[in-house]
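Q: Dropping a structure here in structure tokens format, bear with me for questions.
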Amino acid sequence: MHIDTSPTGPNGGPKALSAVLAEVLRTGADLAVAEVQRTRALAEAGHLALGAMADRPPSGRVAEMALREVASELAAAENLSDRSMQTQINAAMTLVDDYPATLAAWEAGAIGRPHVRTILDAGEPLSPDVRGEFDVLAVATAEGLSPGRLRSRLAVLAERLQPTTLTERHQRGRETRGVRIVTGRDGMSDLVATLPTVLAVGVYDRLTQQSRALIDARGETAVSVADERTMAQVRADVLADLLLTAAPEADPTRGDDGPGVLGAIRARVQVVVPALTMIDPGNENLEPAELVGHGPIDADTARSLAESTTVPWDRVITHPVTGSVLCTDTYQRTSAIDRFLRARDRHCRWPGCTVPAVRSEVDHTHDYALGGATEVGNLSHLCQRHHTQKQFTRWTVRQLAGGVLEWTSPTGRVYSDEPLPYSPAVRFLPDDPSPPERERAPF
């Protein structure tokens, strides 16, 4: 996403809102500088604590006690717990020592605290010897992106720097799957399931579809008691019914002893599987399969989906250097336009939104009722929330060549959202790369 930071548009824009926005941006920049200064100070406190122990035998307990002593000093001064302060100190040391480029970009106002948190989370599994490379690349990737969109791209970036394949780590991760209860208050509890991501997303998506069908059926079915449940509440009720009775008993559209119309609903997930990953799973780190909106998935899971799905696969033809979508085709008789749009957009095209295209609506950029054509150059995916916002607020949009959407805010600022390109099919390598360089693809 690219932003035109001109304070007003061609018509001047609402002056009051422009002034408020300018104040938000100014105070945000000042706050970033202050937060970075505090981060550096906390890291220095941690370094002082460890430095004071330099003349003592190395011991994890000695270092722990040194940090705890300093954390208690700072916590007492700020009326905080020493545990909370020690956590802040450790996080500050990690940021200062391992992510100097991220810290500098935060201080300069190029990224915000949520972006920093996203970078730290994505880099956490990486070993210290590659975090420096990840730090520089992550900052370059973050330009103009929301934290949500940045998260999925950083997941792919971090995957390429991993010394082991995602399949190996996924097999270890599967051993942690399970279900647990976290007891809450007022007779409520959280039921937490740790599952492979592709299954968790499928479960959530199916619950959402069923809940939406129930809510849509409210006005079509005679019920004795008015149903005013929220989407979240209906989703929870359907989950309980499915798990306890193996049938969505909460479905008011059921007319017999079967599952009703909801029984036909199946989860939808959008998966991008590079052909090279299917052919050569040993190189899956270079071109990982991706669960759109959530990040990489292991090659075995992607291959299983490819072999078992009854839905026609879309073949996406991309530019060999830029990775942009050129066209799509399939051997099945499906909508060519829809195939192209799903492949090009991947998610909602409102700046910063990550709702997958399969859960979004196809929108005419220039309204069909006003003469807009039904062609790829005038269509894009918008989730329900942002489709409504486009229709009923003062935001405007136009579509440029290559599927670029240029959004104009009520104050006249312009935000450009570009389709996420696929990884280039051509990779340029030095004439005589050393063995380490040969093993890792350039970015």
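Q: With a 10 Å radius around each residue's Cβ, average the other Cβ atoms per peptide and rank 114-122, 359-367, 186-194, highest first.
A: On the way: 114-122: 20.2, 359-367: 18.1, 186-194: 9.1.
Sorting 114-122, 359-367, 186-194 by mean packing, highest first, produces 114-122, 359-367, 186-194.
Q: Roughly how many Å is it from the Cα centre of region 117-159 to that of region 382-426, as a whole number?
A: Result: 24 Å between the Cα centres.
Q: Peptides 167-179, 98-110: what's the order by average Cβ count within 10 Å, highest mean first? Display every interim value, and only then the final one.
A: On the way: 167-179: 11.9, 98-110: 18.3.
Packing proxy ranking, top to bottom: 98-110, 167-179.
Q: Explain nothing, just the number: dipole magnitude of region 28-171 about its Cα centre with +1 on each Lys and Arg Cβ and -1 on each Asp and Glu Cβ, in debye rounded to the nearest 20. Show your work: numbers first, answer last.
A: Values: 14 positive and 20 negative charges, 79 e Å.
That gives a dipole near 380 debye.
Q: Another question, if that's okay. For region 28-171, max minus min Cα coordinate along each principal axis, in Å, sorted largest first?
A: 41, 40, 23
Q: Can you tell me the order of 127-137, 381-391, 85-95 when each peptide is scored by its average per-residue count of other Cβ atoms within 10 angstrom, highest first? Write out the running numbers ahead of the final one.
A: On the way: 127-137: 15.4, 381-391: 17.5, 85-95: 19.5.
Packing order, densest peptide first, comes out as 85-95, 381-391, 127-137.
No lab work stands behind these numbers, since they all come straight from the coordinates. Note that the coordinates shown come from a computational prediction; the quantities given were computed from them, not determined experimentally. Please note: Cβ atoms are built from the backbone with ideal geometry, for glycine as well, and neighbour counts cover all protein chains shown.
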